[in-house]
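The values are calculated or read from the model by the stated rules, or taken from the named source; none is laboratory data. These numbers were taken from a predicted model, which means no experiment stands behind them. All Cβ positions, glycine included, derive from the backbone under ideal geometry; neighbour counts span all protein chains shown. With ligands, DNA and RNA removed, areas are computed over all heavy atoms of the protein, side chains included. Shrake-Rupley method; radii C 1.70, N 1.55, O 1.52, S 1.80 Å.
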Amino acid sequence: MNSIQATRLRKGMLIKRGQDLFRVLNLMHLTPGKGHGFVQSRLRNIRSATLVDHKFRSEDHVERAILDEHEMQYLYSDGDVYHFMDTATFEQTQMTSDTLGASVNYLVPEAVIRVAFYEDEPIGVELSQTVDLIVQDTPPAIKGATASAQIKPATLETGLVVQVPSFINVGDKIRVNTETGEYQSRV
């Protein structure tokens with residue numbers, strides 16, 4: 001068992017409480033005038049995506065979850081289920097859109113990404129900093145509107161809508177930041 005003292009918890013860590021996995025989103029170390037110190041934390045349940053506030057005593061020990069990462073290729077989606085193939089063993093794995101969260105907006109077929117596993121269960125993906133996507137729909141540029149930088153919405157091949165400069169057209173390939181969801185450049 002890999003346990004750490006509650007005071008050593010850090011933002012982003014993955015911990016196990018009972019049968020559930022939680023990602024530490026926020027924490028604050030508090031020491032009241034009387035009594036023992038404690039750690040007030042906000043956790044997200046990895047499986048159900050619910051938020052939980054929990055107070056750990058400073059002397060509590062927490063089990064830290066150890067993840068395995070595998071390089072996998074995204075194959076296709078079948079409704080709410082996304083299919084991936086391990087590039088080393090060719091084994092296939094599925095994940096739901098609930099598990100993937102906002103990452104589904106950046107998945108294009110044949111993209112190679114890192115998938116995090118806890119024991120044998122896939123719990124999430126690690127995307128590259130940027131992804132290149134094709135513009136499926138956007139209004140045409142307004143003629144003569146060059147006095148200031150014009151922006152307009154563009155729907156990308158994954159269904160994601162981003163704000164782009166007016167010179168971007170349907171069929172253009174653009175680079176999008178996967179952390180902020182913002183347009184970076186035309187490719």
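Quick look at the numbers
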{"item": "Set E63, E69, E91: member being under 18 Å from the mean Cα position of the chain (by Cα) and open to solvent by 40 Å² or more (accessible area, probe 1.4 Å)", "result": "E69"}
{"item": "Residue ID - surrounded by the most Cβ atoms within 10 Å (Cβ to Cβ), chosen from residues in segment 107-147 that are β-branched (V, I, T), over 21 Å from E182 (Cβ atoms) and modelled with pLDDT of 90 or more", "result": "V115"}
{"item": "Qualifying residue in segment 26-34 (condition: hydroxyl-bearing (S, T, Y) and either in a strand (DSSP E or B) or within 26 Å of S128 (Cβ to Cβ) (or both))", "result": "no"}
{"item": "Test result for R23, crowded, with 16+ Cβ neighbours inside 10 Å, at pLDDT below 90 and under 20 Å from R8 (Cα atoms)", "result": "yes"}
{"item": "Positions within segment 84-103 being modelled with pLDDT of 90 or more and out of contact with any Pro (no Cβ under 7 Å at 6 or more places or on another chain), in sequence order", "result": "F84, M85, D86, T87, A88, T89, F90, E91, Q92, Q94"}
{"item": "Residue, most open to solvent (accessible area, probe 1.4 Å), within segment 1-20, restricted to residues that are part of a strand (DSSP E or B) and over 20 Å from L51 (Cβ atoms)", "result": "Q5"}
{"item": "Wholly within segment 66-143, strands (runs of 3 or more DSSP E) carrying at least 3 residues that are of a type in the set (S, T, N, Q)", "result": "92-96"}
